[in-house]
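**Student:** Got a structure for you, questions after.
The values are calculated or read from the model by the stated rules, or taken from the named source; none is laboratory data. As the structure is a prediction and not an experimental result, all values here were calculated from the model. Every residue, glycine as well, gets a Cβ built from its backbone with ideal geometry; the counts of neighbours run over all protein chains shown.
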(Lines give C-alpha, C1' and ligand atoms only; values in the text may rest on other atoms or scores of the structure.)
Protein backbone atom coordinates (compact mmCIF):
# COMPACT_ATOMS: atom_id res chain seq x y z
CA UNK A 1 0.00 0.00 0.00
CA UNK A 2 1.07 3.54 -0.70
CA UNK A 3 1.49 6.25 1.91
CA UNK A 4 -1.72 8.06 0.96
CA UNK A 5 -3.79 4.84 1.08
CA UNK A 6 -2.40 3.87 4.49
CA UNK A 7 -3.03 7.38 5.78
CA UNK A 8 -6.64 7.40 4.49
CA UNK A 9 -7.43 4.02 6.09
CA UNK A 10 -5.80 4.99 9.39
CA UNK A 11 -2.98 2.45 9.36
CA UNK A 12 0.55 3.36 10.48
CA UNK A 13 2.45 4.73 7.48
CA UNK A 14 5.72 3.11 8.56
CA UNK A 15 6.49 0.45 5.94
CA UNK A 16 5.46 -3.07 6.94
CA UNK A 17 3.52 -2.01 10.06
CA UNK A 18 -0.09 -3.18 10.37
CA UNK A 19 -1.03 -1.35 13.56
CA UNK A 20 -3.65 1.36 13.78
CA UNK A 21 -2.33 4.94 13.59
CA UNK A 22 -2.97 6.62 16.94
CA UNK A 23 -0.47 9.47 16.85
CA UNK A 24 -1.11 11.32 13.59
CA UNK A 25 0.01 8.91 10.88
CA UNK A 26 2.08 6.59 13.12
CA UNK A 27 1.22 3.87 15.61
CA UNK A 28 2.25 4.36 19.24
CA UNK A 29 5.44 2.27 18.84
CA UNK A 30 6.73 4.05 15.75
CA UNK A 31 5.75 7.45 17.18
CA UNK A 32 7.86 6.80 20.29
CA UNK A 33 10.70 5.48 18.14
CA UNK A 34 10.69 8.60 15.95
CA UNK A 35 10.44 10.83 19.03
CA UNK A 36 13.47 9.14 20.59
CA UNK A 37 15.34 9.41 17.29
CA UNK A 38 14.64 13.16 17.12
CA UNK A 39 15.56 13.72 20.75
CA UNK A 40 18.97 12.19 20.20
CA UNK A 41 19.62 14.88 17.64
CA UNK A 42 20.02 12.75 14.53
CA UNK A 43 17.72 14.93 12.46
CA UNK A 44 19.28 18.16 13.72
CA UNK A 45 22.76 16.87 12.97
CA UNK A 46 21.73 15.88 9.45
CA UNK A 47 20.28 19.35 8.90
CA UNK A 48 23.42 20.97 10.28
CA UNK A 49 25.62 18.88 8.02
CA UNK A 50 23.48 19.75 5.01
CA UNK A 51 23.61 23.47 5.84
CA UNK A 52 27.39 23.37 6.29
CA UNK A 53 27.75 21.82 2.84
CA UNK A 54 25.27 24.29 1.36
CA UNK A 55 27.14 27.23 2.89
CA UNK A 56 30.48 25.99 1.56
CA UNK A 57 29.11 25.74 -1.97
CA UNK A 58 26.69 28.64 -2.40
CA UNK A 59 27.48 31.34 0.18
CA UNK A 60 30.94 32.36 -1.06
CA UNK A 61 29.58 33.27 -4.49
CA UNK A 62 26.64 35.17 -2.97
CA UNK A 63 28.85 37.08 -0.54
CA UNK A 64 31.35 37.91 -3.27
CA UNK A 65 28.59 39.43 -5.40
CA UNK A 66 27.19 41.29 -2.38
CA UNK A 67 30.60 42.68 -1.43
CA UNK A 68 31.27 43.85 -4.99
CA UNK A 69 27.94 45.65 -5.20
CA UNK A 70 28.46 47.29 -1.80
CA UNK A 71 32.04 48.26 -2.63
CA UNK A 72 31.10 49.91 -5.92
CA UNK A 73 28.10 51.65 -4.35
CA UNK A 74 29.99 53.00 -1.34
CA UNK A 75 33.10 54.08 -3.27
CA UNK A 76 30.99 55.96 -5.80
CA UNK A 77 29.00 57.53 -2.94
CA UNK A 78 32.15 59.10 -1.43
CA UNK A 79 33.41 60.35 -4.78
CA UNK A 80 35.26 57.37 -6.23
CA UNK A 81 38.68 58.36 -4.89
CA UNK A 82 40.91 58.16 -1.82
CA UNK A 83 39.60 60.46 0.89
CA UNK A 84 43.16 61.41 1.87
CA UNK A 85 45.12 61.94 -1.34
CA UNK A 86 42.54 61.76 -4.15
CA UNK A 87 43.94 58.68 -5.94
CA UNK A 88 41.14 57.27 -8.09
CA UNK A 89 42.16 53.81 -9.37
CA UNK A 90 39.39 51.52 -8.06
CA UNK A 91 41.74 48.52 -7.92
CA UNK A 92 43.81 50.19 -5.21
CA UNK A 93 41.00 51.58 -3.05
CA UNK A 94 40.35 49.86 0.29
CA UNK A 95 38.15 50.44 3.33
CA UNK A 96 39.56 51.59 6.66
CA UNK A 97 37.53 51.13 9.83
CA UNK A 98 37.72 54.20 12.03
CA UNK A 99 37.03 52.28 15.22
CA UNK A 100 39.51 49.79 16.64
CA UNK A 101 39.34 46.35 15.05
CA UNK A 102 39.57 44.86 18.54
CA UNK A 103 36.01 45.95 19.31
CA UNK A 104 34.36 43.78 16.68
CA UNK A 105 35.49 40.60 14.99
CA UNK A 106 35.79 40.14 11.24
CA UNK A 107 32.39 38.43 11.16
CA UNK A 108 30.71 41.27 13.04
CA UNK A 109 31.97 43.74 10.46
CA UNK A 110 31.23 41.46 7.58
CA UNK A 111 27.75 40.24 8.33
CA UNK A 112 26.11 42.62 10.79
CA UNK A 113 27.43 46.12 10.17
CA UNK A 114 29.44 46.24 7.02
CA UNK A 115 26.52 46.43 4.60
CA UNK A 116 24.51 48.84 6.71
CA UNK A 117 24.80 52.23 5.00
CA UNK A 118 24.57 54.27 8.22
CA UNK A 119 27.41 52.22 9.72
CA UNK A 120 29.44 52.59 6.55
CA UNK A 121 29.01 56.38 6.54
CA UNK A 122 30.01 56.67 10.19
CA UNK A 123 32.78 54.09 10.43
CA UNK A 124 34.44 53.61 7.04
CA UNK A 125 36.99 55.62 5.12
CA UNK A 126 37.90 54.94 1.49
CA UNK A 127 41.68 55.08 1.17
CA UNK A 128 44.17 54.00 -1.45
CA UNK A 129 46.43 51.14 -0.41
CA UNK A 130 49.38 53.48 0.19
CA UNK A 131 47.46 55.86 2.45
CA UNK A 132 46.00 52.89 4.32
CA UNK A 133 49.46 51.46 5.04
CA UNK A 134 50.76 54.90 6.03
CA UNK A 135 47.82 55.45 8.37
CA UNK A 136 48.42 52.13 10.12
CA UNK A 137 52.17 52.68 10.38
CA UNK A 138 51.59 56.13 11.91
CA UNK A 139 49.16 54.63 14.39
CA UNK A 140 51.61 51.83 15.29
CA UNK A 141 54.52 54.29 15.59
CA UNK A 142 52.46 56.32 18.04
CA UNK A 143 51.62 53.19 20.06
CA UNK A 144 55.23 51.99 20.04
CA UNK A 145 56.57 55.39 21.14
CA UNK A 146 54.41 55.15 24.29
CA UNK A 147 56.20 51.96 25.27
CA UNK A 148 59.66 53.56 25.22
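**Student:** If we keep just the residues of the stretch 91-148 that are exposed (fewer than 13 other Cβ atoms within 10 Å of the Cβ) and closer than 20 Å to residue 68 by Cβ, which is modelled with the highest pLDDT?
**Tutor:** 91
**Student:** Has the stretch 25-42 got any residue that is in contact (Cβ under 8 Å) with a residue 12 or more places away in the chain, in contact with a strand residue (DSSP E or B) (Cβ under 6 Å, 6 or more places away or on another chain) and in a loop (DSSP other than H, G, I, E, B)?
**Tutor:** Among the residues of the stretch 25-42, not one is in contact (Cβ under 8 Å) with a residue 12 or more places away in the chain, in contact with a strand residue (DSSP E or B) (Cβ under 6 Å, 6 or more places away or on another chain) and in a loop (DSSP other than H, G, I, E, B), which makes the answer no.
**Student:** Within the bounds of the stretch 78-88, is there any residue that is surrounded by 11 or more Cβ atoms within 10 Å (Cβ to Cβ) and part of a helix (DSSP H, G or I)? Steps first, answer last, please.
**Tutor:** Our first condition is that a residue be surrounded by 11 or more Cβ atoms within 10 Å (Cβ to Cβ); within the stretch 78-88, this holds for 78-85, 87-88.
This time we only want the ones that are part of a helix (DSSP H, G or I), so: none.
Checked the stretch 78-88: no residue is surrounded by 11 or more Cβ atoms within 10 Å (Cβ to Cβ) and part of a helix (DSSP H, G or I).
**Student:** Among the residues of the stretch 55-71, is there at least one that is farther than 30 Å from residue 117 by Cα and either part of a helix (DSSP H, G or I) or in contact with a strand residue (DSSP E or B) (Cβ under 6 Å, 6 or more places away or on another chain) (or both)? Don't jump to the end; show me each part of the working.
**Tutor:** Residues of the stretch 55-71 that are farther than 30 Å from residue 117 by Cα, as a first pass: none.
Checked against the condition, which is being farther than 30 Å from residue 117 by Cα and either part of a helix (DSSP H, G or I) or in contact with a strand residue (DSSP E or B) (Cβ under 6 Å, 6 or more places away or on another chain) (or both), the stretch 55-71 yields no hits at all.
**Student:** Next question. Can you confirm whether the stretch 7-17 contains a residue that is exposed (fewer than 12 other Cβ atoms within 10 Å of the Cβ) and modelled with pLDDT under 80? Break it down into steps so the answer makes sense when it comes.
**Tutor:** In the first step, residues of the stretch 7-17 are kept if they are exposed (fewer than 12 other Cβ atoms within 10 Å of the Cβ); the result is 8-10, 15-16.
Remaining after also requiring modelled with pLDDT under 80: 15-16.
The answer is yes; a qualifying residue exists.
**Student:** Here's something else I'd like to know. Looking at residue 33 and the list (1) more than 39 Å from the chain's Cα centre (by Cα); (2) surrounded by fewer than 15 Cβ atoms within 10 Å (Cβ to Cβ), which single condition is not satisfied?
**Tutor:** Tallying (1) more than 39 Å from the chain's Cα centre (by Cα); (2) surrounded by fewer than 15 Cβ atoms within 10 Å (Cβ to Cβ), residue 33 fails exactly one: (1).
**Student:** Look at residue 52 and say whether it is within 30 Å of residue 95 (Cα to Cα), surrounded by 11 or more Cβ atoms within 10 Å (Cβ to Cβ), modelled with pLDDT of 80 or more and in the same structural domain as residue 95 (by TED's automatic domain parsing). Can you show your working first?
**Tutor:** Working: within 30 Å of residue 95 (Cα to Cα): yes; surrounded by 11 or more Cβ atoms within 10 Å (Cβ to Cβ): no; modelled with pLDDT of 80 or more: yes; in the same structural domain as residue 95 (by TED's automatic domain parsing): yes.
When the stated conditions are applied, residue 52 does not pass them.
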